[in-house]
Amino acid sequence: MNKSTLRILVLDDEPFMLKLIAHMLVGLGFTSVTTCDNGSAALDCVNATGNSPNLILMDLNMPRMDGIEFVRKLVEHNYSGSLILVSGEDERVLQMAEKLVLAHSITVLGHLNKPVSLAGLSTLMEKSIRVKTAPQTPKNVYSADQVRAAIANGELVNYYQPKVAVASGAVVGVETLVRWRHPAHGLVFPDQFIGVAEEHGSIDDLTRVVLSSAMTQAKAWRQAGLHIRVAVNVSMDNLSSVTFADFVVGAAAAADVAAQDIVLEVTESRLMLDQRAPLEILARLRLKRFRLSIDDFGTGHSSLAQLRDIPFDELKIDQSFVHGAWHDATAHAIYDASLGLGKQLGMEVVAEGVEDREDWDLVRRTKCDLAQGYFIARPMPAADLAGWLDSWQGRKAQLLKAGTVTENSPRSEPARDSLATLMSQVTPAIPR
């Protein structure tokens with residue numbers, strides 16, 4: 001897509017705004033621009049065979065058909081292009097509208113506040129050139145029997161994403177993230193099969209495989225000289241049977257792993273109707289010194305009530321309140337509140353979704369305890385951790401030299417000189 005072939009529709013009820021935005025677009029080199037002052041006329045343009053717009057710049061607050069209704073109509077008309085929202089409404093209304101557009105599976109490139117600035121428009125238009133408007137290939141859909149077979153056949157593998165201390169850059173732990181090594185489709189991500197396992201009663205078997213494998217890997221790392229905490233995600237469905245606590249204790253003993261080196265990250269994706277079994281299991285595990293973490297805090301049913309009722313050691317701030325919070329006032333406020341709450345309750349706080357330098361600088365300034373995200377490392381196979389540790393040491397040294405990280409962390413890291421050699425000799429297989 002280039003400037004001359006991109007078909008643009010500008011929708012606004014104000015004639016002056018239509019002329020202004022069209023003039024700015026032409027000045028930026030976009031020559032195929034159509035304007036409409038109402039939603040019905042815009043939908044006629046969308047329906048134009050072979051000439052439907054690739055991009056719509058749309059006002060939200062219009063008489064007759066407002067922007068929210070227009071988005072719903074776009075879905076009904078199978079619109080496959082992108083949107084840019086233009087409005088004088090406040091930032092939170094614009095953010096809500098963006099989320100609505102995304103919920104309708106329409107690409108939204110961002111929003112512009114009125115009066116529209118040439119610089120802001122130019123930035124989003126450059127982004128529009130890079131966006132592919134063709135429909136994405138649909139994800140594979142897996143049945144309950146296929147997921148059960150994957151568990152039974154040993155096709156699940158663990159990947160690990162590091163967590164680092166924000167104050168020092170020290171590597172203090174990893175989160176275990178399961179993948180399905182599908183014989184035909186390659187590596188399948190958990191969003192395509194975890195829900196199926198939860199819905200059809202296989203999540204307990206899946207979690208037990210992942211947990212056992214993670215504990216075996218934790219022992220291998222310790223033997224190689226690397227002592228880090230290993231976190232495993234636990235579904236609320238795992239906590240419906242009181243035997244789960246006995247399994248966790250037994251698995252740790254079998255792997256010869258200390259309970260305090262295992263973190264159980266609890267996510268309540270569905271409302272906990274009967275609290276008796278989950279509270280019993282979590283209380284027993286906490287008494288046996290396993291660490292408990294409330295995952296994705298602020299989303300779903302992960303709530304203040306859970307913090308009140310369950311003795312969590314760790315609070316993980318959901319990535320939606322971390323990534324980009326440096327320029328998003330609402331997300332920043334929720335991040336600050338979550339961080340403050342965790343610290344007041346004596347919990348270690350983890351910022352998830354640290355995706356870029358700006359995110360990292362935010363968690364540094366606010367003195368969050370731990371950070372996790374693509375800026376630090378993507379999830380990786382266990383065998384790749386040694387190589388990543390070497391590269392992180394170099395990056396950390398640069399950060400230290402730049403004065404963005406301090407050396408006063410209470411945690412100490414093992415010597416790394418011989419670690420890579422040791423790790424290259426230890427590549428335990430996932431138990432099957």
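The values are calculated or read from the model by the stated rules, or taken from the named source; none is laboratory data. These figures come from a predicted structure and were not determined experimentally. Neighbour counts run over all protein chains shown; Cβ positions are idealised from the backbone, glycine included. With ligands, DNA and RNA removed, areas are computed over all heavy atoms of the protein, side chains included. Shrake-Rupley method; radii C 1.70, N 1.55, O 1.52, S 1.80 Å.
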(request) State whether one or more residues within the range 24-31 are assigned to a loop (DSSP other than H, G, I, E, B) and within 29 Å of the chain's Cα centre (by Cα). (result) no
(message) Condition (residue is modelled with pLDDT under 95 and among the basic types (Lys, Arg)) applied to the range 402-418: is it met by at least one residue?
(response) yes
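Conditions tested, residue by residue: (1) part of a strand (DSSP E or B); (2) modelled with pLDDT under 95; (3) open to solvent by less than 50 Å² (accessible area, probe 1.4 Å).
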site	(1), (2), (3)
293	yes, no, yes
307	no, yes, yes
311	no, yes, no
316	yes, no, yes
320	no, yes, no
340	no, no, yes
343	no, no, no
(request) Within the range 149-178, work out how many residues are buried (at least 24 other Cβ atoms within 10 Å of the Cβ) and of a type in the set (Asp, Glu). (result) 1
(request) Within the range 255-268, identify whether any single residue is modelled with pLDDT of 95 or more, open to solvent by 20 Å² or more (accessible area, probe 1.4 Å), part of a helix (DSSP H, G or I) and not basic (Lys, Arg), and answer yes or no. (result) yes
(request) Quickly run through the range 380-394 and pick out the residues that are within 23 Å of the chain's Cα centre (by Cα) and either surrounded by 19 or more Cβ atoms within 10 Å (Cβ to Cβ) or in a helix (DSSP H, G or I) (or both). (result) 382, 384, 385, 388, 389, 392
(request) Could you tell me whether any residue of the range 236-254 is in a strand (DSSP E or B) and either among the hydroxyl-bearing types (Ser, Thr, Tyr) or open to solvent by 10 Å² or more (accessible area, probe 1.4 Å) (or both)? (result) no
(request) Please state which one of 92, 148 is in contact (Cβ under 8 Å) with a residue 40 or more places away in the chain, within 21 Å of residue 325 (Cβ to Cβ) and basic (Lys, Arg). (result) 92
(message) List the residue pairs whose Cβ atoms are under 6 Å apart, where the first residue sits in the range 193-213 and is within 17 Å of residue 244 (Cβ to Cβ), the second is assigned to a helix (DSSP H, G or I) and of a type in the set (S, T, N, Q), and the two are 6 or more positions apart or on different chains.
(response) 204/238; 207/238
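Residues are listed down the side, and each one gets a yes or a no for (1) over 18 Å from residue 212 (Cβ atoms); (2) in a strand (DSSP E or B); (3) at pLDDT 90 or above:
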| site | (1), (2), (3) |
| --- | --- |
| 112 | yes, yes, yes |
| 121 | yes, no, yes |
| 128 | yes, no, no |
| 151 | no, no, yes |
| 168 | yes, no, yes |
| 172 | yes, yes, yes |
| 180 | no, yes, yes |
| 195 | yes, no, yes |
(request) Give the residues of the range 90-104 that are out of contact with any Asp or Glu (no Cβ under 9 Å at 6 or more places or on another chain) and either modelled with pLDDT under 90 or part of a helix (DSSP H, G or I) (or both), sorted by residue number. (result) 90, 92, 93, 94, 96, 98, 99, 100, 101, 102, 103
(message) Please pick out the residue among 222, 181 that is open to solvent by 60 Å² or more (accessible area, probe 1.4 Å), in contact with a strand residue (DSSP E or B) (Cβ under 8 Å, 6 or more places away or on another chain) and not polar (S, T, N, Q).
(response) 181
(request) Kindly establish whether residue 212 is open to solvent by 10 Å² or more (accessible area, probe 1.4 Å), small (Gly, Ala, Ser) and at pLDDT 95 or above. (result) yes
(request) Scan the range 24-68 residue by residue and report those that are over 22 Å from residue 118 (Cβ atoms) and of a type in the set (A, V, I, L, M). (result) 41, 42, 43, 46, 48, 62, 65, 68
